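Data block below; observations after.
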């Protein structure tokens, strides 16, 4: 199952109350009071963020944070009664994204969690990923495998047109209309832009594996996935 939030806190009453409050306001939440429970839940479910206490019975929340950071960049918000600046600095330096002191107000904590979820959702809309290829509309950056490149406006528009219709033939007419609109264009203009994309994205631009020519018709972006 997918949950917005996982709470790891051995103050059972507080964790349960927080979880129930979040669920009332459309933030799906589940909690556990042990590190073992956290591991089991993260193996069998997906979460958008983690609320993590520091003082857990069998192990420190700091150690759990370090362990999670080895394999995941999930946002981690520490919730703790420990008030010292040193604890806050440790939490942030080992990969924590925020530090909320106990006792906390449920409405304030919910607002912080919703703010993180909102940023995550905005990022998901801005960046689309298919078959190891991702497109970030906010920065006009494109990634293919380990390659990551910055595209110019027309190059990016052309790539997005192919990306949105990936694994299907895109005719020259569709490309012209989408990228250049009513402005003057020619086959030569399109060919030059395709060549630039290949030079930036293909391992060998002369033998393209990604952007392939369909002679007399147009081009196809092959991602290896149909969706």
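Nothing in this text is a laboratory measurement; each read-out follows from the coordinates by a stated rule. What you see is a predicted model, and the numbers here were worked out from it, not measured in a lab. Glycine gets a Cβ as well: all are built from the backbone with ideal geometry, and neighbour counts include every protein chain shown.
Work out how much length residue 134 to residue 171 would gain on full extension: take 0.36 nm times their residue separation and subtract the Cα-Cα distance, in nm to one decimal.
Fully extending the segment from residue 134 to residue 171 adds 11.1 nm.
Pairs of Cα atoms under 8 Å, at least six residues apart: use those to get the relative contact order of the chain, whole percent.
In percent, rounded to a whole number, it is 13.
Along Cα→Cβ, 7 Å out, is where each label goes; now give me the distance between the ones at residue 85 and residue 16 in nm to one decimal.
The answer from the label model is 3.9 nm.
If each residue of separation counts as 0.36 nm, what is the full-extension length gain between residue 57 and residue 148 once their alpha-carbon separation is subtracted? Don't skip to the end; give the middle numbers.
On the way: separation 91, 0.36 × 91 = 32.76 nm, distance 4.35 nm.
So the chain would gain 28.4 nm between residue 57 and residue 148.
How far apart, in nanometres, would the label points at residue 45 and residue 202 be if each is projected 7 angstrom from Cα along the Cα-to-Cβ direction?
4.7
Work out the FRET efficiency for residue 108 and residue 222 from their Cβ-Cβ distance, taking R0 = 35 Å, and round it to the nearest 0.05.
0.10
Using a ≥ b ≥ c from the Cα gyration tensor of segment 2-127 (square roots of the eigenvalues), is it rounded, prolate or oblate, where a/c under 1.5 gives rounded and otherwise the larger of a/b and b/c decides, a/b for prolate?
rounded
Taking R0 as 41 Å, what's the FRET efficiency between residue 97 and residue 191 from their Cβ-Cβ distance, rounded to 0.05?
0.35
Return 193, 2 ranked ascending by Cβ neighbour count within 10 Å, so the fewest neighbours appear first. Numbers along the way, then the final one.
Working: 193 20, 2 8.
Final ranking by Cβ density, sparse to dense: 2, 193.
By per-residue mean of other Cβ atoms within 10 Å, what is the highest-first order of 6-15, 197-206?
Values: 6-15: 18.8, 197-206: 15.6.
For the peptides 6-15, 197-206, the packing ranking is 6-15, 197-206.
Enter the mean projected area of the convex hull around the alpha-carbon atoms of the chain, in nm², rounded to one decimal.
So the mean shadow area of the Cα hull is 15.7 nm².
Rounded to the nearest 5, what % of the DSSP beta bridges within the chain are antiparallel ones?
Among the beta bridges of the chain, antiparallel pairing accounts for roughly 55 percent.
Using every Cα-Cα pair within segment 131-221, state what percent have a distance larger than 20 Å.
Roughly 28 percent, rounded to a whole number.
If we count other beta carbons within 10 Å of each Cβ, what is the order of 90, 214, fewest first?
214, 90
Scale the Cα Rg of segment 1-58 by the rule-of-thumb value 2.2 N^0.38 Å and send over the ratio, two decimals.
1.03
Specify the inter-centroid distance of segment 1-70 and segment 156-210, based on alpha-carbon positions, in whole Å.
46
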